[in-house]
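For reference, the structure is listed below as structure tokens.
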Amino acid sequence: MVEALAHDPIQDPVQDPIQDSIQDAAHPPAHRVAGAKPGFDLAAALVRCPAGTVLLRVSGESMRGAGIEHGDLLVVDCRLPPQPGHVVVARIDGAFTLKRLACRQGQLQLEAAHPDYPPLPLLPQGDHQLVGVALHVIRRF
């Protein structure tokens, strides 16, 4: 399950420069300090199409095997056409879910990355909509 955020962090870019590695953060090279840019636009790095991008919070454990945890933020592109293999946000019977889109024997289905969750077939007559493709996971630790 995913939930919409009341505040849109994509519109408030982080203004801290990113180091090349953890080691560089402790001892940055002189050229990085002398020529460092004043900020880093996280939104520009993560968002392909601002008008079609939403930020959603993950609720549940069904995608844990794919490295997506409860409480993570997802950058979701709602204009990118979903393809088998993509992690997608879908609306099924009015509820939102996050699963990997798969095609098995010519039939589209949504698959969890957790053994306790069975695949969800996307039948032509079913009440479902593929809303967007998850592109990035943001996690606070």
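The values are calculated or read from the model by the stated rules, or taken from the named source; none is laboratory data. This structure is a prediction, so every number in the text was calculated from the model and none was measured. Cβ coordinates were reconstructed from backbone atoms using ideal geometry, including for glycine residues, and neighbour counts include every protein chain displayed.
Structure notes:
- Checked against the criteria, Arg140 does not count as touching a helix residue (DSSP H, G or I) at 6+ places or on another chain (Cβ under 9 Å) and of a type in the set (Lys, Arg).
- Test: residue in region 106-118 that is farther than 27 Å from Phe141 by Cβ, at pLDDT below 95 and within 16 Å of the chain's Cα centre (by Cα): no
- Counting only residues that are closer than 18 Å to Gly60 by Cα and either loosely packed, with under 11 Cβ neighbours inside 10 Å or not aliphatic (A, V, I, L, M) (or both), region 101-122 holds 7 of them.
- From Ala43, Ala66, residue being surrounded by 12 or more Cβ atoms within 10 Å (Cβ to Cβ), modelled with pLDDT of 65 or more, in contact with a Pro (Cβ under 8 Å, 6 or more places away or on another chain) and on the phi < 0 side of the Ramachandran plot: Ala43
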